[in-house]
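Only one structure is covered here, and it is reproduced in the block below.
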Amino acid sequence: MKFIQECPADATADLVYRVCPMHLLEPAELLKDLKPGQVLEILTDYDGALEDIPAWCAKHGQEFLGLCEDDCNDCYKLYIRKVA
Amino acid sequence: MSIAYFDHAAATPVRPEVLEEMLPYFRERFGNPSAVYDLGSVIKEVLEEQRAKVARLLGARPQEIIFTSSGAEANNLAVKGAALAHLKKGRHVIVSGIEHHSVLNAARYLEKFHDFEATFLPVDRFGQVDPERLRQALTPATVLVSIQVASNEIGTIQNIPALAAVCREAGVLFHTDAVAAAGQIPLNVEELGVDLLTLSGPALGGPKGVGALYFRKRLRLVPQIHGGIQEDGRRGGTENVPGIVGLGKAAELAATELADKGPYLASLRDRLVEGVLKAVPEVIYTGHPKRRLPGHASFCFEGVEGEALVFLLSRQGVYANTGSACASKALKVSPVLCAIGLSPAVAQGSLVFTLERSNTAADLEAVFTHLPPAVARLRSFSPVWHKKMAAGGAGP
């Protein structure tokens, strides 16, 4: 698990309370609209995302930057940098 | 016997154009929109087209529409889903005392199972919620307010922009149940200033078994039906594709016809009200006389049981209702009529007419012919009425 500080993002996918596998489907859609180098932030309360999203990035050639916990909103924030 | 049907709020025929649009989705276009093959993906595209049509009716964005099984489900998702998604802020909801049972009971559910406090706001004698009274009811723990656009029982239209503005200033979510108002008056979510809005298919001339919830983009909702990724993971269950297609078509028609339909219904309604008030003594026209739905007329006949009146009229081919169809068999005095200050003896005699484009002047004549003798007959065996007459027949 790679923990980082909260960082600025170019787009956000708010997946809190939304069921699995939305945490994989919606980020994939949003990444299509980003340019290489831009960052996508994913908000989720789904523990499974902590493994699924890094694995999805590895499989699809995207850079997983890391995650942090957002205690105020009871969710995780995960960051992906678009590679291509 | 021809019928004069005035219970469109309870059920209305699916419009022929709507039915035509739906039929292929029961037969050759049967695919599941979640399937990855072409039979499914084309249906997914159809669903998104319907979402856009419903969004257009409301001045919303397609991604702000969730399809549901009914207005009641949409109200549940709005009240429970939004309140539970914002527990960090507090556990207080406010609803008006004259909401549909799906809102009232959703608020009671939050009280009973999630330690919420629910405030049931009073209304004035016309059924209006005072924005200042709403402001006073807000607390730092208030997460959601739900007040209907218009009442299905008394037709009164609320000042939603003013009520929603009070909530926006306080950072509180505002939901409105627009089931009774949809297809009768314009509904634009930006002009209304609401965060959530409920629609149902039948109210627009669409089929039963389908509804929709508008939710402002980025607003979090806890799903109330847990399942798969349908509706972007916010509402599980395979979509009712024919129903949604019907709702989409009905919304499209409503958007184009509203400008002509409202004045037509209002003119018919005004003639109905004038005729009934002239023909029957001791009758109260309930709800607001001006700020009301164009296709809505509601009365209370003192000394009469509304159920009996509905039954007698139906035997003459005139169909109306005592109030909300959901509660009409309960034989209880309507909480809405009590909330506007009517005594139980008067409220028992409730009769509601909900009009549609299919109603004509001939339907009104049927009411004028059959209503006065039906009321007179019921009053002739009413102890309440005889007592009143013996006391001098004073008005309510």
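The values are calculated or read from the model by the stated rules, or taken from the named source; none is laboratory data. Not measured: the values here are computed from a predicted model. No Cβ is skipped: glycine too gets one built from the backbone with ideal geometry, and neighbour counts run over all protein chains shown.
Structure notes:
- Residue check for B:Leu247: touching a Pro at 6+ places or on another chain (Cβ under 8 Å) and more than 14 Å from chain A (Cβ to nearest Cβ): yes
A quick yes/no check of all residues on (1) in contact with a Phe, Trp or Tyr (Cβ under 8 Å, 6 or more places away or on another chain); (2) assigned by TED's automatic domain parsing to the domain that holds B:Glu190; (3) touching a residue at least 24 places away in the same chain (Cβ under 8 Å):
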| residue | (1), (2), (3) |
| --- | --- |
| B:Ala74 | no, yes, yes |
| B:Gly97 | yes, yes, yes |
| B:His100 | no, yes, yes |
| B:Asn105 | no, yes, no |
| B:Phe113 | no, yes, no |
| B:Leu121 | no, yes, yes |
| B:Pro131 | no, yes, yes |
| B:Leu163 | yes, yes, yes |
| B:Arg168 | yes, yes, yes |
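- Flag if A:Cys7 is in contact with a Phe, Trp or Tyr (Cβ under 7 Å, 6 or more places away or on another chain), within 11 Å of chain B (Cβ to nearest Cβ) and assigned to a loop (DSSP other than H, G, I, E, B): no
- Any hit, the stretch B:211-221, residues being in contact (Cβ under 8 Å) with a residue 24 or more places away in the chain, farther than 21 Å from B:Ser34 by Cβ and more than 14 Å from every other protein chain (Cβ to nearest Cβ): yes
- Residue match in the stretch B:78-87 (condition: touching a helix residue (DSSP H, G or I) at 6+ places or on another chain (Cβ under 9 Å), part of a loop (DSSP other than H, G, I, E, B) and surrounded by 21 or more Cβ atoms within 10 Å (Cβ to Cβ)): no
- Boolean, B:Ser151 is touching a residue at least 60 places away in the same chain (Cβ under 8 Å), over 22 Å from B:Glu64 (Cα atoms), among the polar types (S, T, N, Q) and in contact with a helix residue (DSSP H, G or I) (Cβ under 9 Å, 6 or more places away or on another chain): yes
- Single residue of B:Val280, B:Val304 found to be modelled with pLDDT under 95, more than 18 Å from B:Glu64 (Cβ to Cβ) and of a type in the set (Val, Ile, Thr): B:Val304
- Verdict on A:Glu29 being loosely packed, with under 12 Cβ neighbours inside 10 Å, outside any loop (DSSP other than H, G, I, E, B) and away from chain B (no Cβ under 11 Å): no
- Any hit, the stretch B:256-269, residues being crowded, with 18+ Cβ neighbours inside 10 Å, within 14 Å of chain A (Cβ to nearest Cβ) and not hydrophobic (A, V, I, L, M, F, W, C): no
- Checking each residue in the stretch A:53-84 for being charged (D, E, K, R), in a helix (DSSP H, G or I) and either more than 14 Å from chain B (Cβ to nearest Cβ) or over 22 Å from B:Arg220 (Cα atoms) (or both) picks out only A:Lys59.
- Against the criterion of being away from chain A (no Cβ under 14 Å), touching a residue at least 24 places away in the same chain (Cβ under 8 Å), surrounded by fewer than 16 Cβ atoms within 10 Å (Cβ to Cβ) and under 27 Å from B:Ala82 (Cβ atoms), B:Thr198 does not qualify.
- Residue in the stretch B:10-18 that is over 30 Å from B:Leu309 (Cα atoms) and in contact with a helix residue (DSSP H, G or I) (Cβ under 6 Å, 6 or more places away or on another chain) present: yes
- Note on the stretch B:334-396: enclosed helices (runs of 4 or more DSSP H) holding 3 or more residues that are closer than 23 Å to B:Val318 by Cα are B:361-380.
- Test: residue in the stretch B:1-16 that is in a helix (DSSP H, G or I) and farther than 30 Å from B:Asp124 by Cα: yes
- Check on B:Ile244, in contact with a Leu (Cβ under 9 Å, 6 or more places away or on another chain) and under 22 Å from B:Arg29 (Cβ atoms): yes
- Of all residues in the stretch B:222-244, those satisfying the criterion of being out of contact with any strand residue (DSSP E or B) (no Cβ under 7 Å at 6 or more places or on another chain) and facing another protein chain (nearest Cβ under 10 Å) are B:Val222, B:Pro223, B:His226, B:Gly227, B:Gly228, B:Ile229, B:Gln230, B:Asp232, B:Gly233, B:Gly236.
- Taken over the stretch B:337-396, residues that are surrounded by fewer than 13 Cβ atoms within 10 Å (Cβ to Cβ) and in contact with a Ser or Thr (Cβ under 9 Å, 6 or more places away or on another chain) amount to 3.
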